[in-house]
Structure formats: structure tokens, C-alpha cells
Amino acid sequence: MEVRASILALAPVGLEELSKQVLGLPFPCLADPQRAVFKQYGVLSRALSLGQRPAVFLVAPDGSIAASWLGKQQWQIPSVDEILRKVLEQGAD
């Protein structure tokens, strides 16, 4: 079975800062210094969680959210294996 997926990262910083942070990433990373996209997806920024809260969204080809993970602390993100399982589940539909 072939499953196609793309990775896109979003950072709550401007382009200049982003270019310093993401050198060598094998996927695109977009700057969102006003956190507009974060807010659209309900990912809040909190001082007690050291800034931007972590989140991962699996977006289906039709634009709907197939799966999501929202953390309260920076280390609360799903494992790569957990994300891949969800991608494979979606590809099997």
C-alpha cells in the first residue's frame, strides 16, 4: 500500500529568526510571528508552557482535521511512530 503524506512545520517567529533555526530540515517550515494560523487551529501560547504550545495536526486531502495532538508543555508531542500509525490508518480508508 502506498500512502502519500507531506510534512509542513509552523514556527511562531519571523522569517529572519526562522532561517536561523531550521537550516537543514527536510521539510518546509513557515513563519507565523503573529500566530494567526496557531490561533485558527486553537493552539494557544502560554507563558507557563515556555511560549507556544506544541501541536501536531494530520490534515486530510479534503482539508479536514483527521487527527490532532495538542500539548501543554514543549515535550508533550506524539512520537513519530504514533503519527505514522495515524497516517497509515487514514491511507487505508
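The values are calculated or read from the model by the stated rules, or taken from the named source; none is laboratory data. Owing to the predicted nature of the structure, the values given are computational and were not obtained by experimental measurement. Ideal geometry is used to build each Cβ from the backbone, glycine not excepted, and the neighbour counts take in all protein chains shown.
Here's a check for you: in the range 10-42, which residue that is surrounded by 13 or more Cβ atoms within 10 Å (Cβ to Cβ) and of a type in the set (Gly, Ala, Ser) is modelled with the highest pLDDT? That would be Ala31. Counting the residues of the range 79-92 that are at pLDDT below 85 and assigned to a loop (DSSP other than H, G, I, E, B) gives 1. Report, ordered by the first and then the second residue, all pairs with beta carbons closer than 6 Å, sequence separation of six or more or different chains, a first member in the range 60-88 that is closer than 19 Å to Gly42 by Cα, and a second member that is among the aromatic types (Phe, Trp, Tyr) and part of a strand (DSSP E or B). The qualifying pairs are Ile65/Phe57; Ser68/Phe57; Pro78/Trp69.
When the criteria are applied in full, Trp75 meets the requirement of being in a loop (DSSP other than H, G, I, E, B) and either at pLDDT below 85 or surrounded by 11 or more Cβ atoms within 10 Å (Cβ to Cβ) (or both).
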